[in-house]
Structures are given as structure tokens and as C-alpha cells.
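Engineer: Quick one: structure below, then a few questions.
The values are calculated or read from the model by the stated rules, or taken from the named source; none is laboratory data. On a predicted model such as this, the values are computed, not experimentally measured, just so you know. Virtual Cβ from ideal backbone geometry, glycine too; neighbours counted across all protein chains shown.
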Amino acid sequence: MKTITVRVSPSLALIKYWGKANTEENIPATSSLAVNLESFYTQTAVKFATDYDQVAINGVQVPIERYQSFFHHIRRNLATDRMFHAESRSNFPVAAGLASSSSGFAALAYGCAKLVNGDISMKEVSNLARLGSASASRALFGGFTLLRRGARSAEPFLGEEHWPELRIIVAIVRPEAKKISSRGAMEMARITSPYYSSWLSTSEKLFRESLDACRDKNLEKLGELMRTSYLGMFSTMFTSQPPIFYWEPESVQLIKICEELRQKGVAAWETMDAGPQVKILCVENDLKTIQETVQDAFPQMQLVISRLAGGPTL
Ligand code: PMV
């Protein structure tokens with residue numbers, strides 16, 4: 001039986017998508033700018049199933065409930081009644097705030113779509129991936145990608161060759177799966193945080209300015225916008241009812257280390273997602289100093305260095 005195997009790198013947002021304009025259709029309420037991380041990937045093999053939909057992640061069958069509405073939408077959009085069997089492996093911890101749902105759903109959507117329609121456009125695959133996880137729609141393009149507020153598909157912005165010296169250091173603070181999913185946390189923030197509306201009204205300006213900062217390769221400007229974006233996102237979590245805390249003591253220490261490095265003239269700009277891990281954006285020349293400083297403070301901590309990835313491979 002025909003099998004399609006897809007490899008996709010996860011999408012790390014520099015300017016965050018956080019909150020849904022339409023929950024049913026998973027439409028983002030904020031515009032995001034992201035890069036794909038070359039050192040990480042999810043590889044998924046998809047084939048038609050004879051009986052029912054099945055998904056295995058790293059060799060373990062997962063409860064299909066999380067995927068039911070995704071497969072329902074996929075079948076409707078691709079005008080098919082076929083069932084799918086998917087086996088997915090990631091070379092990094094899943095559900096830990098390392099954007100595994102972005103590479104996971106992107107690979108799954110691409111595999112299912114290619115099985116049904118070999119000529120499908122990337123824009124349409126991105127639309128399908130968004131139904132699983134909005135960040136997944138961005139993972140289908142390499143380099144810098146955008147998912148605009150209200151959009152159904154992401155779009156490529158600048159290729160990975162635009163800023164070849166850019167690096168991301170991923171500091172893995174806790175590899176374990178988190179207790180609250182990003183999906184659950186952003187809904188909680190939307191419904192209960194009094195700061196959610198100010199988050200929405202401020203994030204579009206950050207997004208617009210970040211596009212110029214990327215085009216100009218202005219790391220200081222981009223770094224400041226990134227910082228405002230992730231801290232704004234977390235402020236909606238801290239003020240949710242009940243509050244949501246993904247941060248661990250090491251996360252805060254890493255944020256301070258980046259601040260101290262910047263005071264010494266080393267451009268280390270951190271960001272965080274729905275988890276305790278800290279991702280540091282920098283240029284190649286500063287990599288060694290940042291790595292040594294972090295490793296001095298946390299000798300046991302796993303640091304993964306990544307460049308920007310290209311698009312998915314089949
Ligand atoms: O796409 P989701 O539902 O996994 O949400 C992603 C949310 C963040 O990772 C925190 C931000 C982003 O834009 O990727």
C-alpha cells in the first residue's frame with residue numbers, strides 16, 4: 001500500500017500567535033512571525049487505513065479524540081471518505097513547549113493531503129494543518145513565515161538564506177510533557193484574563209514592526225519586539241483564572257542571564273512558549289559566549305543549537 005513519508009521542522013514563533021478569533025475553525029486572533037528550527041524534526045509516515053483512523057507517536061498509539069475533528073475536516077476538505085493510519089517520530093521531547101504540535105500536524109496534514117491529491121498546493125496544505133494546530137500552518141514553509149490574524153493559511157516571508165548567521169539556542173529546562181496544552185491555556189486566557197483584550201490590541205503593532213526588523217536584519221529591534229510579545233502573552237496566562245505558570249526557576253534564571261549578556265554587549269534575545277524551555281536568538285559570532293555562559297550556570301542542561309530550516313521534505 002502506498003505510504004507518504006514527510007519530514008517537517010517545528011515552527012518557533014518570534015512574535016506569538018496566542019488566542020483564537022474562531023475556536024471551531026481554529027482561526028488565529030493575532031498575527032505571528034516564526035522561524036523553523038533545523039535541528040529538530042518530526043517524521044510521519046501516512047497511509048490509507050482499512051478500518052479506522054490511527055495515530056502513533058514515537059511508537060505509542062495516542063487517544064484518537066484529539067485528532068477526530070482534524071480528520072473530519074481533512075476528509076471534508078479533500079473530498080474523500082478514506083481513513084488514515086499515521087506513524088510519527090520526533091527527535092525532540094513532545095508536548096513540552098518545543099512546538100511539537102506544529103511539526104506534528106504539519107507533517108500529518110501534508111502526508112494525508114499528498115495521499116489523496118498529489119497536486120495539492122502548499123497554501124491548501126497549510127490551511128489543512130491549521131485545523132490541527134494553528135502554528136502547524138507556518139511549519140510548512142522554510143525560513144521566516146507569517147500567519148496573519150484571521151488567515152486560514154500561513155505564507156512564506158523570507159527564505160532561510162536571508163539571515164544565514166542567525167542561530168537559535170534551545171535550552172531544555174524540563175523535557176517532560178506539560179500538564180496544560182497551549183490550546184487549553186490560550187482558551188483559558190481568552191475567556192478569563194482581563195488583559196486578553198490589551199494583548200490583542202498591542203500584538204499587531206509588534207508584528208508589523210517585526211517584519212521591518214527581519215528585513216533589515218536588525219537583531220536588537222527584533223529582540224525587543226520578541227521580548228514584548230512573549231511577555232505580553234505570558235501576562236494573559238498569569239492573569240487567567242486560575243493562573244497558568246509554565247515557568248520554572250531555571251527559566252527565570254535564563255531570562256536574567258540573557259539580560260546580563262545584553263548589558264555586556266552580547267546580543268542574546270530570549271523567547272518562551274507554552275512550556276518552561278527558553279529559546280535564545282543570536283548570531284553565530286556570539287554563539288560560543290552565550291553557550292558557555294549558560295552551561296557555566298547549568299552544567300547539566302541540554303542545549304540544542306539550530307539554524308533556520310528550509311521547507312518540509314517528502
Ligand atoms: O498552534 P498551537 O495551538 O500549538 O499554539 C501555539 C502557541 C505558541 O507556541 C505559544 C505560540 C506560537 O505562535 O507558536
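Conditions (1) under 15 Å from Ala129 (Cβ atoms); (2) of a type in the set (Ser, Thr, Tyr); (3) touching a strand residue (DSSP E or B) at 6+ places or on another chain (Cβ under 6 Å), marked per residue:
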residue	(1), (2), (3)
Ala34	yes, no, yes
Val46	yes, no, yes
Asp51	no, no, no
Gly59	no, no, no
Glu65	no, no, no
Leu78	yes, no, no
Asp81	no, no, no
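Engineer: Which helices (runs of 4 or more DSSP H) sit wholly inside the stretch 165-279 and have at least 2 residues that are more than 16 Å from the ligand (Cβ to nearest atom) and not acidic (Asp, Glu)?
Structural biologist: 196-215, 219-238, 249-263
Rundown of residues vs (1) in contact with a Lys or Arg (Cβ under 6 Å, 6 or more places away or on another chain); (2) of a type in the set (Val, Ile, Thr); (3) surrounded by fewer than 19 Cβ atoms within 10 Å (Cβ to Cβ); (4) under 25 Å from Ser32 (Cα atoms), yes/no style:
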{"residue": "Phe234", "(1), (2), (3), (4)": "no, no, no, yes"}
{"residue": "Met237", "(1), (2), (3), (4)": "no, no, no, yes"}
{"residue": "Trp247", "(1), (2), (3), (4)": "no, no, yes, yes"}
{"residue": "Gln263", "(1), (2), (3), (4)": "no, no, yes, no"}
{"residue": "Lys288", "(1), (2), (3), (4)": "no, no, yes, no"}
{"residue": "Asp296", "(1), (2), (3), (4)": "no, no, yes, no"}
{"residue": "Met301", "(1), (2), (3), (4)": "no, no, yes, no"}
{"residue": "Val304", "(1), (2), (3), (4)": "no, yes, yes, yes"}
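Engineer: So, in the stretch 95-145, how many residues would count as being hydroxyl-bearing (Ser, Thr, Tyr) and away from the ligand (no atom under 14 Å from the Cβ)? Before you say what the answer is, go through the steps one by one.
Structural biologist: First, the residues of the stretch 95-145 that are hydroxyl-bearing (Ser, Thr, Tyr): 100-103, 110, 121, 126, 133, 135, 137, 145.
Cutting the leftovers down to away from the ligand (no atom under 14 Å from the Cβ) gives us 110, 121.
Adding up the residues that qualify gives 2.
Engineer: Kindly evaluate Arg152 against the criterion of being modelled with pLDDT of 95 or more and in a strand (DSSP E or B). Even if it seems obvious, please write down each step before you answer.
Structural biologist: On the way: modelled with pLDDT of 95 or more: yes; in a strand (DSSP E or B): no.
It is false that Arg152 is modelled with pLDDT of 95 or more and in a strand (DSSP E or B).
Engineer: Okay, next question. What tally of residues in the stretch 11-42 results from selecting those that are outside any strand (DSSP E or B), more than 9 Å from the ligand (Cβ to nearest atom), in contact (Cβ under 8 Å) with a residue 24 or more places away in the chain and not β-branched (Val, Ile, Thr)?
Structural biologist: 8
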